[in-house]
Structure formats: structure tokens, C-alpha cells
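Please read the structure below before turning to the comments.
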């Protein structure tokens, strides 16, 4: 069998990559699930009644985004359950890589959206928009630019 980087077979490399992806997914799943749970409790808070129609719509969109993001972070596990034992680890790793990349983008948008809602409640919509744009910009730098620069080294 052909040996790849570090003398690994393609199957060994797929196993290592899957293990690495699982570690990344554990971190992101926990964070997203906590955010979704937090968002799900907001309507039961006393100040929720203070939200105007726009803020309520924004909140519902954030809740849907949070639950969708949880689904995206869980999908690689569901795929693994389906193909377990089918010798499809390389395909699983490719799919999980794409889904994890999508999850990171969704998390960045979700965080910007949450920041928007909170700042809108505390200050005003203009400050909220600027804060959300800044948040997504910082996330883009941290999640796209920094990894690319590190990858070049």
C-alpha cells in the first residue's frame, strides 16, 4: 500500500484527520449549543417584552441560525454513524471538513448577530450595526486570514 506523509497509509491519514476534526467539532459544538440554549431561554426573561418588532424578528432569525448551526456541527457525526464500517473514512473527512468550515462561518455570523441584538437593546441600531460589522470583520480575520498566514509558514 502506498505511504503518504510521515509514512502513513491513506487510511491512517484519514483516521488521523478524522480524529483531528472530531476535536475541532467538540469545541465548536459545545460553544454553539451553549449559545443556542442561551438564546432559547431569552423569551422567558422579564425584559424580553421590551423588544420591538424588529428585535423580535432578529431574535427569531438568530435562534433559527443557532439551531441550524448546531445541525451543521452535528452532521459529520450523523454521516459517520451512517458510513461507519463502510471503509469511507476519506469521504467522511472531506465532508466533515466542508461542514466544519461552514460551521465556522455560521458561528461568526451568529456572534455578529447576537452582538447586534445586545447593542441594539443597550444603545441603538446604528451602534449595533457598526458593532456587528466589526465583529464579523474580526471573525473573518481570526478565522480566515490568520489560519492562511499560519498555513503558509
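The values are calculated or read from the model by the stated rules, or taken from the named source; none is laboratory data. Everything numeric in this text was worked out from a predicted model, so none of it was measured. So basically every Cβ, Gly included, is an ideal-geometry build from the backbone, and we count neighbours across all protein chains shown.
In summary, residue 14 fulfils each of the numbered conditions (1) on the phi < 0 side of the Ramachandran plot; (2) out of contact with any helix residue (DSSP H, G or I) (no Cβ under 8 Å at 6 or more places or on another chain); (3) at pLDDT below 85 with the single exception of condition (2).
The residues of region 23-52 that are within 26 Å of residue 105 (Cβ to Cβ) and surrounded by fewer than 14 Cβ atoms within 10 Å (Cβ to Cβ), listed by number, are 23, 26, 27, 30, 34, 37, 38, 40, 41. Listed by first and then second residue, the pairs with beta-carbon distance under 8 Å, at least 6 apart or on different chains, first residue in region 55-76 and in contact (Cβ under 8 Å) with a residue 60 or more places away in the chain, second assigned to a helix (DSSP H, G or I) and crowded, with 19+ Cβ neighbours inside 10 Å, are 55/117; 55/120; 58/113; 58/116; 58/117; 58/120.
Within region 88-106, the set of residues being within 24 Å of residue 135 (Cα to Cα) and out of contact with any helix residue (DSSP H, G or I) (no Cβ under 8 Å at 6 or more places or on another chain) comprises 98, 101.
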